[in-house]
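Okay, so here's the structure we're looking at.
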Amino acid sequence: MKRILAAAVVLTFFLSHLEVLSRRVSAQESRQETVEVRAQEPASGLVQDSTQALTGESTRFQSIVVSYIEYEWWLISWDHNVIVCRVFIDHDELPTVYDVAGECGEEIATAWWFTPPCDDGVNCKGLYLHKIGSQAKEKEVILELPPAEVWVSLEGCQPTPPDNFCSEIPSLIFSGEEPLPEHRILSIQGNIDGISFVCEGQSCSFPLWPTEIFGSRIEFWAESSYGDTSEHFFAQVRVIDTGMTPQGAGWYVDVFSEQWDGPPLASCTRIWEALPPIGGPPPWLSSPEGHLQLASEEPYFYLAGRLIANGLVDVSTCPTGGRLPNGYADACGLEIARPLVDYWQNQFDERILNVARDTGIPAQLMKNLFAQESQFWPGIFRVPWEFGLGQITDNGAETLLLWDPPFFEQFCPLVLSEEACEGGYLKLGEKEQAILRGALALQAKADCPDCPTGVDLTNVNFSVLLFANMLQSNCAQVARTIYTATESMAGLVSTYEDLWRFTIANYHAGPGCLSFAIHQAWTFSTDRRITWESVKTQFTEPCLGVVPYVEQIAR
């Protein structure tokens, strides 16, 4: 598979990366200039960016000298046997196209790259490489050192989802972390709703108090003996009186922050900085304790038709063969297939719940989405080139590759070369992007003519995680869309539930439909809020189908 894909992109590989190569060479020159400037500073071994004191952002560097073997190659023309360029590299393999471009420029690198093989050495055209030798050398390397950080947790209560109940109001704990062993955290500083605080040392205990319904926004950072501060971090904290509940009187306590050091938070909650509803989310955004609570008994005519078509149900007693011309089951076919339909739609529940726990994507949301997309039949039937329980498409795959860089970094080298993947998804050529999208979509393909059921159920279970990752990427894209329209974090202008509705709409209709509707809704908003009720009236005619789709899933 990889060999075929590599052959498909080899002709466009270099040209699609010329811009990347140019920028990489410029970046290397810039870094060298930086090294030369820093070399004039006191030789303490540690260098701090002088702009940090003004910006509050730390850039730490350490200069070290390393030994290496330098290899010299000559790039020679076949026509005149003239040395065109000398290439110096620090590895013992053949110079790469990046090595040649960095030393000789893009024009010469292009000429070498497209030089055809010359087996007999007669009448050869183009350029060839000749290894000259090697020598031991030393070079200065600038290492970026890890910055100080601050983590936030609770003391006095660990709220239990979904309602996050505490019998008493806990304290907020800030814990500073200085990764450099010769330095330490001097203080934790910050402000809560504009009220400043300073705690000496590496930890700080801050008693909480009841907040408004939207909570309090906290900014916090650490001061280090290194002479800088950490990044300025943020947290949103909400403490609401429960009144009398079956658990007794107490408090609903919600905290979210990228620096949260407690039990895992729902991933999209962090992305949006949106607090869930007081007392817990609605059922369609819940993840029950056990998979049996996800069980459903829906009369899925499409699923029944696929089970009949694959010979899993005997419908010989049905006068029309149990199916309609469109492939769906008729009433007779559904009645006979119903026991298997009920079993089939629930066989993935345990996997869905486990993925929900790992990713923070609500289990009931995933099940509702799969029901809407495929009625739990993962094979191709209704629409070609849509795969899996969530019917992933080429465009849907792009959202994951674009908005989840760690996923891209892991997946891309499995399909394309590592060099091609280095610049990220947007730096790939159009053909490479298409190959990568197609390869990702095929990961969800479950059709299996040799399998007893007609689909590979092992692959189906594996792909549930893929769809959860896709939803998380759509969360990130929605956050950016709202920020572009409003210049505010998503959680400040919309609700947790509506942000999920926008995410479902983005997943189904794409960012073009949703972005236009959100921008229009914000333009006409009088209360500076973005709601599903206002957005759903702004979809253009080709996008209107997304409204019932979202409302069916969010019921």
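Computed from the coordinates by the stated procedures, all read-outs in this text should not be read as laboratory data. This structure is a prediction, so every number in the text was calculated from the model and none was measured. Don't worry about glycine lacking a Cβ; one is built from the backbone with ideal geometry, like all the others, and counts go over all protein chains shown.
By its C-alpha gyration tensor, with a ≥ b ≥ c as the square roots of the eigenvalues, how is the chain shaped: rounded for a/c under 1.5, else prolate for a/b larger than b/c, else oblate?
It is oblate, given that a/c is not under 1.5 and a/b is not larger than b/c.
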- Query: When the label point is put 7 Å from the Cα of D261 along its Cα-to-beta-carbon vector, which residues of the stretch 217-242 have a backbone N closer than 14 Å?
  - Reply: 221-223
- Among P548, F233, Y300, flag the residue with its Cα farthest along the positive direction of the charge dipole of the chain, charges on Cβ as +1 for Lys/Arg and -1 for Asp/Glu. Y300
- Query: Taking Cα pairs under 8 Å and at least six residues apart, what relative contact order does the stretch 395-467 come out at, in percent?
  - Reply: 23 percent
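Arrange S63, S230 by Cβ neighbour counts within 10 Å, fewest through most, would you? Write out the running numbers ahead of the final one.
On the way: S63 17, S230 24.
Result, fewest neighbours first: S63, S230.
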- Using per-residue counts of other Cβ atoms within 10 Å, averaged over each peptide, order 183-191, 206-214, 287-295 from highest down. 183-191, 287-295, 206-214
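Using the alpha carbons of the stretch 149-263, what is the convex hull volume per residue in cubic angstrom, as a whole number?
Working: hull volume 11.1 nm³, N = 115.
Per residue, the Cα convex hull of the stretch 149-263 comes to 96 Å³.
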- Message: Show me the ranking of peptides 444-451, 146-153 by mean Cβ neighbours inside 10 Å, starting with the highest.
- Response: 146-153, 444-451
- So how strong a dipole does the chain carry about its Cα centre when Lys and Arg Cβ are +1 and Asp and Glu Cβ are -1, to the nearest 20 debye? 1440 debye
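What percent do you get for the relative contact order of the stretch 149-263 when only Cα pairs under 8 Å and 6+ apart count? Each step should come with its number before you reach the end.
On the way: 275 pairs, mean separation 33.4, N = 115.
Value for the stretch 149-263: 29 percent.
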- Query: E289 to D90: FRET efficiency via 1/(1 + (r/R0)^6), r the Cβ-Cβ distance, R0 56 Å, to the nearest 0.05?
  - Reply: 0.50
- Query: Dipole of the chain (Lys/Arg Cβ +1, Asp/Glu Cβ -1, origin at the Cα centre): which of L499, W112, A329 lies farthest to the positive side?
  - Reply: A329
- Footprinting proxy, M366, M470: sorted fewest to most Cβ within 10 Å, the residues are M470, M366
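Within 12 Å, Cβ to Cβ, of P170, how many net charges do the neighbouring residues add up to if Lys/Arg are +1 and Asp/Glu are -1? Before the final figure, lay out the partial values.
On the way: positive: none; negative: E155, E168, D254.
So the surrounding residues net to -3.
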- Between Y483 and D527, how many nm apart are label points set 7 Å from Cα along the C-beta direction? 2.6 nm
- Message: Restricting to Cα pairs below 8 Å that are 6+ residues apart, what does the relative contact order work out to for the stretch 261-412? Please round to a whole percent.
- Response: 23 percent
